[in-house]
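Shown next, in C-alpha cells, is the structure this report addresses.
The values are calculated or read from the model by the stated rules, or taken from the named source; none is laboratory data. As the structure is a prediction and not an experimental result, all values here were calculated from the model. When we count neighbours, we look across all protein chains shown, and the Cβ atoms used for this are built from the backbone with ideal geometry, even at glycine. For accessibility, only protein heavy atoms count, side chains too; no ligands or nucleic acids. Shrake-Rupley method; radii C 1.70, N 1.55, O 1.52, S 1.80 Å.
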Amino acid sequence: MKHQKVLVCGTTGFSPEEMQQFQDAVTLIPMLYAANTSKPVKYNEQASETGHFHT
C-alpha cells in the first residue's frame, strides 16, 4: 500500500491476519487476488486479442 501500485496476487497459504491486510488494502489500491490465476489470465489474453472485455 505504501507505493500505491496495482497488486495481482496468485499465492495461497496466507494466515487470517495476512488475508485481513489484503482486505484492508483493497479499499486503497486496485487488487486481484486469486488462488488460481490461470482463468483470469486466459480471459484477459482473449479479450486483448478480440477487443471484447467483459465487466
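Here are the numbers:
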item	result
Scan of segment 7-53 for residues that are at pLDDT below 80, among the hydroxyl-bearing types (Ser, Thr, Tyr) and part of a loop (DSSP other than H, G, I, E, B), ordered by number	Thr37
Search result, residues across segment 8-35 that are under 14 Å from the mean Cα position of the chain (by Cα) and small (Gly, Ala, Ser)	Gly10, Ala25, Ala34, Ala35
Contacts under 6 angstrom Cβ, first residue in segment 26-39 being open to solvent by 70 Å² or more (accessible area, probe 1.4 Å), partner part of a loop (DSSP other than H, G, I, E, B) and hydrophobic (A, V, I, L, M, F, W, C), 6 or more apart	Leu28/Met1; Pro30/Val6
